[in-house]
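Everything on this sheet refers to the single structure shown next.
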Amino acid sequence: MFDHGKYCCKIKRNSRANLLLPSHKSCATKEKRRMARKKGYECCKRYIPCSRCTTTSIKPPAAPIAPTGSTGSTATTAAGNCPKTHPHVYYNGGYCCQSGKEKVYAPQGDKCDGSAIQRNSLCCEGDKFVKCPLSNCNSFQGSCPATHPHVYYNGQYCCQSEKEKVYAPQGDKCDGSAIRETSLCCEGDKYIRCPSGHCHSFIGCPATHKRAFRGNHGIHCCKAQSSESTLLLPSHEKCSSPSKRKSALNEGHECCDNHIPCPHFCPLPAPFWGA
């Protein structure tokens, strides 16, 4: 069966290939036909319509069929999430894939083209999937490590920098702006693969700068000497001279000279102070 119904094809090359009509876009040129063969497809030049035929080509079903054996659909998970073993949700929340990429299946177009798997993808690389334990799932999310706190590439990679690398062919997803989950480039290529398969950005201050405090332009993380002091940015009035710093310290304030911006959602102690 292909394109507009069932046909009988006279083919010598590969009896187990997925068949395409010559009008299919994958058969438009000699180069495209060669690439189609590499992916398991064959352009059938000699065919006739058939009203009583059975289909022998290996064509994926309209929806995934739960696999059997060790990759069966018995995996348990937190409510609403794919399991850690198959962290990537696809098929509009109905299935979870072990791989972060789609399977290549030309008839489904850009929903099965081997690119990064997304919620609306229809194919899973290697068919290594499980059915969502509930009626609708979200991707499993671990955390990027503190050394590479910023998630990007649809949750599959973690970047050390908070900015994208500039790479013009990828447009606004690699233009040097603040990195986000949908970004495709990491400044300086200082990245690692998400340890759990699908990550969110690191939550909290890193181990090198443990203490969170509010400054002039948001939350900062400080490498502070005292765990009891109230933290201030060096630009604060109380930190403008050695004598004022000494007085501030006597009042329970510490001028934080070694600080970094909060990587992603750093909870403040209660009560918190600072400026």
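Coordinate-derived values only; no laboratory data. Only a predicted model underlies this, so the values are computations on that prediction, with no experimental measurement involved. In this analysis, Cβ positions are derived from the backbone assuming ideal geometry, glycine residues included, and neighbour counts consider all displayed protein chains.
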Requested in this report: Can you tell me the order of 216-222, 99-105 when each peptide is scored by its average per-residue count of other Cβ atoms within 10 angstrom, highest first?
Outcome: 99-105, 216-222
Query raised in the report: With no solvent and one point on each alpha carbon, what is the Debye value of log10 I(q)/I(0) for the stretch 88-127 at q = 0.14, 0.18, 0.22 Å⁻¹?
Result: -0.20, -0.33, -0.50
Query raised in the report: Rounded, prolate or oblate: which fits the stretch 142-200 when a ≥ b ≥ c are the square roots of the eigenvalues of the alpha-carbon gyration tensor, with rounded for a/c under 1.5 and prolate only if a/b beats b/c?
Result: prolate
Query raised in the report: Residue separation times 0.36 nm, minus the C-alpha to C-alpha distance between Ile192 and Ala28: what's the value?
Result: 55.1 nm
Report summary line: FRET efficiency for Gln108 and Asn258 from the Cβ-Cβ distance with R0 = 45 Å, rounded to 0.05, comes out at 0.30
Query raised in the report: Which percent of Cα pairs goes in each bin when the distances of the stretch 211-261 are cut into 5 angstrom slices starting at zero?
Result: 5, 25, 34, 24, 11, 1
Requested in this report: Anything over 18 Å Cα to Cα? Flag those among Lys10/Lys45; Lys25/Lys173; Lys38/Lys131; Lys111/Lys190; Lys101/Lys128, in the order listed.
Outcome: Lys25/Lys173; Lys38/Lys131; Lys111/Lys190
Query raised in the report: Between Ser235 and Lys45, what length in nm is gained on full extension when 0.36 nm per residue of separation is reduced by their alpha carbon distance?
Result: 60.9 nm
Report task. Using every pair of alpha-carbon atoms in the stretch 73-140, split the distances into 10 Å bins beginning at 0 and state the percent of pairs per bin, rounded to integers. Result -> 28, 54, 17, 1
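Report the local net charge at Cys262: Lys and Arg +1, Asp and Glu -1, summed over other residues whose C-beta lies under 15 Å from its C-beta.
Cβ neighbours under 15 Å give a net charge of +3.
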Query raised in the report: So how much slack lies between Asn92 and Lys244, counting 0.36 nm per residue of separation and subtracting their Cα-Cα distance, in nm?
Result: 48.8 nm
Report task. Quick one: pull the percentage of alpha-carbon pairs in the stretch 157-244 with a separation above 20 Å. Result -> 53
